[in-house]
1. Would you mind computing, in nm to one decimal, how far apart the modelled labels at Glu126 and Ala151 are, each placed 7 Å from Cα along Cα→Cβ?
2. Restricting to the chain, compute how many DSSP beta bridges are antiparallel as a %, nearest 5.
3. Compute the distance in nm between two label points, each set 7 Å from the Cα along the Cα-to-Cβ direction, one at Asn59 and one at Met168.
4. Can you tell me the relative contact order of segment 113-153? Whole percent, Cα pairs under 8 Å, sequence separation 6 or more.
5. Using Cα pairs under 8 angstrom and six or more residues apart, how large is the relative contact order of the chain, in percent?
6. Too long at a 23 Å Cα-Cα cut-off: which of Lys125/Lys161; Lys161/Lys198; Lys49/Lys109; Lys49/Lys155?
7. Once you put a point 7 Å from the Cα of Met50 and another 7 Å from the Cα of Arg25, both along the Cβ direction, what distance in nm separates them?
8. Pull out the extension gain between His202 and Asp188, defined as 0.36 nm times the separation in residues minus the alpha carbon to alpha carbon distance; nm, one decimal.
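Coordinate-derived values only; no laboratory data. None of these values were measured; they are calculated from a predicted model. Here Cβ is always computed from backbone atoms with ideal geometry, including for glycine, and neighbour counts include all displayed protein chains.
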Amino acid sequence: MCGIAPSLLEADYRQLGRELLRIERAGAEYVHLDIMDGNFVPNLSFGIKMIRGLRDSTNLIFDVHMMVCEPIRFIPQLKEAGADHVTVHIEACEQVRETLEEIRYCGMKAGIALNPESDEGMLTKEVLQAADIVHVMTVYPGREGEMFIPASLKKIRNIRKMLEDYRMEKPIETDGNIGFDNVEEVVDAGADIIVSGKALFHGNLEKNIQRMREMVQHGRKR
């Protein structure tokens, strides 16, 4: 079964506690939290202190996406703040496997993310063994108004085939302008966790989450 991870970047910042409750009541499993450093990506977002402040507001899985250079520096702090999953970019880590192992050592699930320009061949068997989740960016990260990249569908399929060949059962998470017009294709390609922002938060959040869940289930059956 696929999971829905609403991206908190698109929430109403004036009432984040209430937004988390709405996400939870609508049946989403995760909430996606982006941390950007203005260096690895050309933007800034909230940080570890905000994660800590929100942790007691919900039982949702905190799916933290680190768009920062050398994220290994922050892993113990993320654990203390209440993160459940921590995803790092293969392009941002000098020591990728060591970073993933540190995340797991701290008791969190480790995700490895690929930017659109990065070939899936960068995901060696050793890297995949150290990761719990494979995260495929379907837009260029940290930029506003990016369009979904159709070539991402092939990458998702290729990664799914790689995992099958290695006999590894790991979820593929997809992130970047995924909405009602393309979510079924994304799931059909092999995605398991769907990060979505604008499509869910613009309008009725609860109804949008329920609608996407139905579409995800339909896409999985195709």
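1. 2.8 nm
2. The answer is about 5 percent antiparallel.
3. Using points 7 Å along Cα→Cβ, the separation is 3.2 nm.
4. The normalised contact order for segment 113-153 reaches 45 percent.
5. Computed value for the chain: 21 percent relative contact order.
6. Lys161/Lys198; Lys49/Lys155
7. Here the answer is 2.3 nm between the modelled labels.
8. Working it through step by step, the gained length comes to 2.6 nm.
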